[in-house]
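What follows is a short report on a single structure.
The values are calculated or read from the model by the stated rules, or taken from the named source; none is laboratory data. As the structure is a computational prediction, the values presented were derived from the model and not from experiment. Don't worry about glycine lacking a Cβ; one is built from the backbone with ideal geometry, like all the others, and counts go over all protein chains shown.
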Amino acid sequence: MANTTFPSAGKNLVEKPRLSLAQIFYMSFGFLGIQFGFALQNGNTSRILRSFGADVEQLPMFWIVAPLVGMIVQPLIGHYSDRTWNRYGRRKPYFLTGALLSSVALVFLPNSGAVSSIIPALWIGAGMVMVMDASFNVAMEPFRALVADILPDSQRTSGFAIQTFLIGVGAVAGSALPSLLADNGFSQEAGETGVADNIRYAFYIGAAVFVLAILVTVWKTKEYPPEEYARYHGVAENQGGGSIWDIFRDFGHMPRTMKQLGLVQFFSWFALFSMWVFTTDAVATHVYGLSGDYAKSVAYNDAGNAVSAAFGVYNLVAAVYALCLPLLAKFLGRKGTHAFSLLAGGMGLISIYFIKDPVYLTYSMVGVGLAWASILAMPYVILSGAIPAGKLGIYMGIFNFFITLPQIINGFFGGWIVKHTCMAVSPFMPLYWQAFS
């Protein structure tokens with residue numbers, strides 16, 4: 001992709017045209033596919049790695065790959081997508097490339113055991129997780145900037161809300177798929193590859209959905225070419241230039257609003273990372289009463305299916321709640337809406353400790369769903385109004401630091417906390433860590 005420069009638009013900016021609901025829907029439809037794959041990863045990676053021989057306290061170290069990769073990839077993709085243009089567009093080439101790579105990783109991850117005679121399946125699996133996370137980040141980062149690129153300020157809350165709705169729909173489908181396949185005759189016994197058939201085929205389907213959803217956005221969305229973009233945003237003539245070292249300069253000059261939001265994001269994502277990594281084993285031991293070497297048992301897969309379905313609930317709640325965010329923001333304001341939603345999420349996580357029947361996980365996930373919808377939408381709505389127009393991609397990428405850093409810290413210390421302290425270390429952390437004592 002060749003570098004380009006954006007002509008100066010002068011002081012008289014042209015108001016961006018409003019888009020129809022269908023156009024906003026198509027613009028973010030690719031996120032449905034991204035979250036479909038992301039849900040499969042979140043709900044099943046721990047049990048896949050456990051089936052390959054990983055210990056519970058080792059899981060955070062494998063999951064740490066995701067935020068480490070995201071911390072590197074997202075700012076780079078944001079930087080280059082701000083500065084490139086070709087016949088396919090500005091942001092679209094990046095998330096199309098990410099979709100293709102993600103699909104390959106989704107197919108290979110559950111089949112890592114097939115090459116265990118050459119390299120241990122656990123390390124192949126960990127490598128596929130790294131490739132998957134890098135590809136997810138390549139596909140995902142430009143979508144945030146795309147909304148801010150195309151929509152006028154008056155439609156951005158609605159744009160991010162619809163994006164979050166589609167994220168929820170994709171996550172619900174991805175979370176429910178392993179259980180659905182198990183209920184329709186796909187084996188839950190670990191086969192020669194070490195991974196049950198219902199998990200393997202769910203990942204195959206996820207790969208196909210990922211690519212098809214991205215293609216809908218590619219085919220149905222028109223990005224503004226450089227000259228037209230400049231008329232709407234007033235980008236300076238040399239905005240398209242610059243080196244990769246500009247990322248560090250931009251980091252040092254991030255807006256004050258971004259720093260404030262970053263602190264909130266830190267605590268929110270510290271809790272989410274713990275939930276994704278430990279919930280399956282927490283439910284298996286605390287709710288199902290499993291002990292000993294249970295990682296390859298049918299009962300453990302039942303617990304994993306229950307967790308995957310519960311994650312589907314919070315994503316379903318998030319999908320519905322996302323559509324209410326624009327209206328709620330009118331009454332509580334953007335900051336008030338986010339604060340209320342995070343409080344509900346914290347209460348939902350704490351409640352998991354008191355559950356003895358997996359059926360009640362549904363009620364805990366309602367609160368988590370409210371927080372998840374807001375985390376995916378409101379910070380970006382607030383942030384998009386505080387970022388210079390020509391820096392949307394890079395600052396959206398830098399903002400990802402406040403998502404990845406808490407996960408990295410958790411990755412190093414989360415396993416130790418679970419094994420030795422078994423207590424909450426954040427206002428939003430689930431108390432079900434005590435299940436591992």
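Observations, loosely collected:
- Residue check for Ser274: over 15 Å from Ser175 (Cβ atoms), in a helix (DSSP H, G or I) and touching a residue at least 60 places away in the same chain (Cβ under 8 Å): yes
- Some residue of the stretch 329-349 being in contact with a Phe, Trp or Tyr (Cβ under 8 Å, 6 or more places away or on another chain), farther than 30 Å from Met71 by Cα, touching a residue at least 12 places away in the same chain (Cβ under 8 Å) and assigned to a helix (DSSP H, G or I): no
- Residue selected from the stretch 272-294 under the condition surrounded by fewer than 24 Cβ atoms within 10 Å (Cβ to Cβ) and of a type in the set (Gly, Ala, Ser), by the criterion modelled with the highest pLDDT: Gly289
- Meets criteria (charged (D, E, K, R), at pLDDT 65 or above, under 29 Å from the mean Cα position of the chain (by Cα) and not in a loop (DSSP other than H, G, I, E, B)) for Arg18: no
Every residue, every condition in (1) buried (at least 23 other Cβ atoms within 10 Å of the Cβ); (2) of a type in the set (Asp, Glu); (3) under 20 Å from the mean Cα position of the chain (by Cα); (4) under 23 Å from Trp269 (Cα atoms), yes or no:
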{"site": "Ser297", "(1), (2), (3), (4)": "no, no, no, no"}
{"site": "Gly312", "(1), (2), (3), (4)": "yes, no, yes, yes"}
{"site": "Arg334", "(1), (2), (3), (4)": "no, no, no, yes"}
{"site": "Phe340", "(1), (2), (3), (4)": "no, no, no, yes"}
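- Among the conditions (1) more than 30 Å from Asp197 (Cβ to Cβ); (2) of a type outside the set (S, T, N, Q); (3) crowded, with 23+ Cβ neighbours inside 10 Å, the only one that Gly304 does not satisfy is (1).
- Qualifying residue in the stretch 370-386 (condition: modelled with pLDDT of 65 or more, assigned to a loop (DSSP other than H, G, I, E, B) and within 30 Å of Pro226 (Cβ to Cβ)): yes
- The lone criterion from (1) β-branched (Val, Ile, Thr); (2) at pLDDT below 70; (3) closer than 23 Å to Ala213 by Cα left unmet by Ile34 is number (2).
- Counting the residues of the stretch 257-266 that are more than 16 Å from the chain's Cα centre (by Cα) and either touching a residue at least 24 places away in the same chain (Cβ under 8 Å) or crowded, with 22+ Cβ neighbours inside 10 Å (or both) gives 6.
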